[in-house]
Each structure stands twice: as C-alpha cells, then as structure tokens.
Amino acid sequence: DVEEKIEEVNALDSRQRLEEKALLYEKMTKGDFPDEETGEPYLVDFAQKIIDKRKEVQDLCEKKTVENAEDNVSDIPVPAAQDPSEEWVDYVDTLGRSRRCMKKDLPELFKMDREL
C-alpha cells in the first residue's frame, strides 16, 4: 500500500512537470521567452525556430506566387502564325496538365499520351 502511494505521488509529480513544460513550450513557440540570463538554458533554440518557421512560410508564399505566374502563361496571347501548321494550340494531356504546342506537333503528342 505504501509503494502504491509512492508510485501515485511520483506519477502526479511527473504529470505536473510535463504540464508545466507544455505551457512553457507553448509560450516560447509564440515568442514569449523567459529571462535567458536568469533562467535555465534550453536545448531548443526557440528564437531560431520562429525565424525558420517565418522563412518557411515566406518560401511557401513565394512558391505559390511563381506557380500562379506559371499558370497564367497560357493566358498570354500568341502571335498569329504565317503558316497554318505553325499555329500554337492549347491542349490538356492525359495527366490533366495544360500544354501549348504547335498544331503540327499535336498528333505526335497525342500518340505519346496514349502510350502512357
């Protein structure tokens, strides 16, 4: 019975410490750091984590901007061809991608799509 009590107290103590650590971690990930000179040193550099996260979000936004710009390429008007076989056409391949090619190349591209 005494051993059970000791084990129960240890479990409660461990749980309390974990909850304290979780609260501290939550604060630190939001940028609320305790005084670094008086506090204990941490194994995780939370300031760097915040910087990395912001960089990751910025990179993702830039990637989306580039993708949107690439999507708009098909909206660019193509100059009229002098020869009808050299006319540019837009089509969708078997993988669902929007493509642009010369009209004369279209049968060969469709053949390649069927072979996929």
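Throughout, read-outs are computed from the coordinates displayed, never taken from laboratory work. These numbers were taken from a predicted model, which means no experiment stands behind them. So basically every Cβ, Gly included, is an ideal-geometry build from the backbone, and we count neighbours across all protein chains shown.
What FRET efficiency comes out for the pair Lys27/Glu67, r = Cβ-Cβ distance, R0 = 22 Å, nearest 0.05?
Details: r = 36 Å, r/R0 = 1.62.
According to the calculation, E is roughly 0.05.
Extending 7 Å from the Cα toward the beta-carbon at both Asp1 and Glu20 defines two label points whose distance is 3.1 nm. Thr29 sits among other residues whose Cβ lies under 13 Å from its own Cβ, and their net charge, with Lys and Arg +1 and Asp and Glu -1, is +2.
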